[in-house]
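These notes concern the structure reproduced below.
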Amino acid sequence: MQRPWIITIDGPAGSGKSTLGELLARHLGYLYFDTGVMYRALAWVALERAVDLQSAEMLIDLAHQTVIEVQSPHQDDGRPYTVYADQHDVTWAIRTPAVDRTVSLVARVAGVRREMVRQQQVIGRRGQVVMVGRDIGTIVMPDAPLKIYLEASLDERARRRVKEQQERGLAVDIAQVRADLARRDALDDHVLVAAPDAVVLSSDGVAPADVLTRVLALFADNTPEPRRGYGL
């Protein structure tokens, strides 16, 4: 049986899907494509240019005008890739609390999503790719042979996000981070749904290496029947 050439990993912010995607892609020698960086890069540009975040028309125009590129990392500073927005390296700039609070306002615009999905599909169809996001298995690549939906509690996700930002030297308040994540969950509610044939995993209290082990077993098995609620 042919092994999956496209693997999708969906789930809410802070569930660990980016960590899993990076580990999995590295292990398999696949391209790691965190599709959320496209929306984050666009949100960063919108903030830099003081674009009205309530104007769908302006955000759609911005999406069509902004050139966003994702490449292999060119600096040894812990980055899993390099993100460019109009030739500006924004890899770390798009991981700030300001972008966290803005990205869903950008991503919820239908016209923006259509343009981002179009670009994501071009990359995904090349194969040998691990695609991470919120609606990859349902909207972007619904025919992917292996789909993962990764869950985690709000408190666990807030704790992880605080640790991540503190490691970058940012001063953060866990209550604010938790509130931002809850708000983002509400805004993303329309896309935070597991595909019918996705394997749903919980990462609460589970080490990334253990989640990786479970997904590698699924990759090797590659049975087509949908399975849900795997214990770790």
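Read the figures in this text as sums done on the coordinates, not as results from a lab. Just so it is clear, the model here is predicted, and its values are computed rather than measured. Cβ: placed from backbone, ideal geometry, glycine included. Neighbour counts: every protein chain shown.
Just to compare against my own numbers: the Cα pair-distance distribution for the chain, 10 Å bins, whole % per bin, please.
With 10 Å bins starting at 0, P(r) equals 8, 33, 39, 18, 2, 0.
Would you pull out the residues with amide H under 5 Å of Ile148's amide H, same chain only if 5 or more places away, H placed 1.01 Å from N?
Thr8, Ile9, Asp10, Val199
Given the options Gly11, Leu192, Thr213, identify the residue whose Cα lies farthest towards the positive end of the charge dipole of the chain (+1 on Cβ of Lys, Arg; -1 on Cβ of Asp, Glu).
Positive-end residue among those listed: Thr213.
Where does the chain land at 222 nm, in deg cm²/dmol rounded to the nearest 500, when only DSSP H runs of n ≥ 4 count, each adding -39500 (n - 2.57), divided by all residues?
Roughly -14000 deg cm²/dmol at 222 nm, from the helical runs in the chain.
Using θ = phi - 60° and the Karplus form 6.51 cos²θ - 1.76 cosθ + 1.60, what ³J(HN,Hα) does each residue of region 158-168 get, whole Hz, x for Gly and Pro?
5, 4, 5, 5, 4, 4, 4, 6, 5, 5, 9
Could you list Ile174, Ile136 in order of exposure, starting from the residue whose Cβ has the fewest other Cβ atoms within 10 Å?
Working: Ile174 13, Ile136 32.
The order, fewest Cβ neighbours first, is Ile174, Ile136.
Might you report the magnitude of the Cβ-based charge dipole of the chain about its Cα centre, with Lys and Arg at +1 and Asp and Glu at -1, to the nearest 20 debye?
Values: 28 positive and 31 negative charges, 56 e Å.
Roughly 260 debye for the chain.
Kindly rank 207-217, 19-29 from highest to lowest mean number of other beta carbons found within 10 Å of each residue.
Final packing ranking: 19-29, 207-217.
About the Cα centre of region 68-201, how large is the charge dipole given +1 on each Lys and Arg Cβ and -1 on each Asp and Glu Cβ? Please answer in debye to the nearest 20.
160
Given H placed on each backbone N at 1.01 Å, which residues far from Leu31 in sequence or on other chains put an amide H within less than 5 Å of it?
Val129, Val130
Would you mind checking the tilt of helix 17-28 against the longest principal axis of the Cα atoms of the chain, expressed as 0 to 90 degrees and rounded to 10?
Rounded to the nearest ten degrees, it is 50.
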